[in-house]
Amino acid sequence: MEFPAVLKPRIGSGSRYATPVTDANDLVRQVTTLPPQAGGKTGMFIEQHLPGLVTRPSERFADYVSVESLVAYGEISHLAVNGRFPLAKPFRETGTFIPADLPHAQQAVVLEVATAALRALGVQTGCFHTEIKLTPSGPRVIEVNGRLGGGVPDMLFQASGVSLIRLSMSVALGERVVVQGPVPCARVGWRFMFQLPTSANRVVSIEGLDRLAELAGINAIFVNRSPGESVDWREGTGHYVYEVSGVSEDYDELLEINRFLHEEVSIVCD
């Protein structure tokens, strides 16, 4: 067993109860302090913690992505590479967008890794969401999910006009769907999830969300944890306070919306 590592449930989603461990003593401490429901009926497991890049391909965004793919009769179509904003500690999603801001050469290698992962699994039919970390030794697979990625159909449609729902239904009906991808994107479709620090226990107030109407491209706002409701970082990405989704003309506009959310929207917690 190599450290650092990640302790996580065998069955779960959204980084729920995913916890970093630094060494064997820390592992014992984490296991003994986790609540009984953390592992459910199937328990927990340990996986390698993949190191990040010292210099990221894009300094504006995170050093991991996901590849969104369709497979029909063993033919793999990669529709999009999905970029990320940096995680909130320890592994909670804060924002995702299509297309990812990757140099062409880096994107090509990422797609090769996604193809190799799907080939290794022997998949023949379905939708796949392959998360890939950009490490000093090259792109490494974090996980392969046999499903659509969260928010991906809407982001892809906003960015490109391509309906992933329609394509996935065609695959489910047995059609031989082949798409030359990643599909061209004229804009940037995105989704933000605002996370509180790990020290937070309860949302006290939220102010400024009404001002989002001042910004172009906002499609939807959803409050997930209202004032008075509890929050727990161990519940992972799912305990975000609010979500905003929309579309931008370019990455600079996307970054301006991210700045606005962090500087103009105020959340008090205790």
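Explain nothing, just compute: Karplus ³J(HN,Hα) = 6.51 cos²θ - 1.76 cosθ + 1.60, θ = phi - 60°, for every residue of segment 87-95 in order, whole Hz, x for Gly and Pro.
My calculation for segment 87-95 gives 5, 7, 4, x, 9, 9, 5, 10, x Hz in order.
Given a Förster radius of 51 Å and the C-beta distance between residue 175 and residue 135 as r, what FRET efficiency does 1/(1 + (r/R0)^6) yield to the nearest 0.05?
Taking R0 as 51 Å, the efficiency between residue 175 and residue 135 is 0.85.
Extending each Cα 7 Å along its Cβ direction at residue 123 and residue 211, get the distance between those two points in nm, one decimal.
Here the modelled spin labels are 4.2 nm apart.
Report the Cα-based extents of segment 28-69 along its three principal axes, largest first, to the nearest Å.
Here the spans come out as 40, 30, 17 Å, largest first.
Per residue Cα convex hull volume for segment 77-121, in cubic angstrom?
It is 96 Å³ per residue.
Can you list the trypsin sites (Lys or Arg not before Pro) in segment 6-58 that are in a DSSP coil and have 15 or fewer other beta carbons within 10 angstrom?
Loop-located and lightly packed - 10, 41.
Over all directions, how big on average is the projection of the convex hull of the alpha-carbon atoms in the chain, in square nanometres?
Its Cα hull, projected and averaged over all orientations, spans 15.3 nm².
What's the magnitude of the charge dipole for segment 1-144 around its Cα centre, counting Lys and Arg as +1 and Asp and Glu as -1 at the beta-carbon? Answer in Debye, nearest 20.
Dipole size: approximately 400 debye.
Can you list the equivalent-ellipsoid semi-axes of segment 92-175, largest first and in whole Å, using the square root of 5 times each Cα gyration tensor eigenvalue?
One finds semi-axes of 22, 18, 12 Å for segment 92-175.
Where does segment 183-270 land on Rg(C-alpha)/(2.2 N^0.38 Å)?
Rg over 2.2 N^0.38 Å, computed on Cα atoms: 1.15.
Could you give the alpha-carbon Rg of segment 19-101 over 2.2 N^0.38 Å, rounded to two decimals?
Working it through for segment 19-101, the quotient is 1.46.
Just need the relative contact order of segment 1-65 here, percent rounded to a whole number, with Cα pairs under 8 Å and 6+ apart.
38 percent
Rounded to the nearest 500, what is the 222 nm mean residue ellipticity of the chain from helices alone, with -39500 (n - 2.57) per DSSP H run of 4+ residues and division by all residues?
Calculated from helices alone, the mean residue ellipticity at 222 nm is -7000 deg cm²/dmol.
Using all Cα-Cα distances in segment 1-157, what percent lands in each 5 angstrom bin from 0 up to the longest?
Percent of pairs per bin, in order: 2, 8, 17, 20, 19, 16, 11, 6, 2, 0.
Points 7 angstrom from Cα along the Cβ direction at residue 49 and residue 145: gap in nanometres?
That separation, rounded to one decimal, is 2.3 nm.
Hey, could you pull the Cα Rg and Dmax for segment 132-202, both in Å?
16.6, 50
Go from 0 up to the bin containing the longest alpha carbon distance in segment 46-94, width 10 Å each, and give me the % of pairs per bin.
Reading the bins upward from 0: 20, 41, 28, 11.
No value in this document is a laboratory result; all are computed from the given coordinates. None of these values were measured; they are calculated from a predicted model. Every residue, glycine among them, receives a Cβ derived from its backbone with ideal geometry; neighbour counts consider all protein chains shown.
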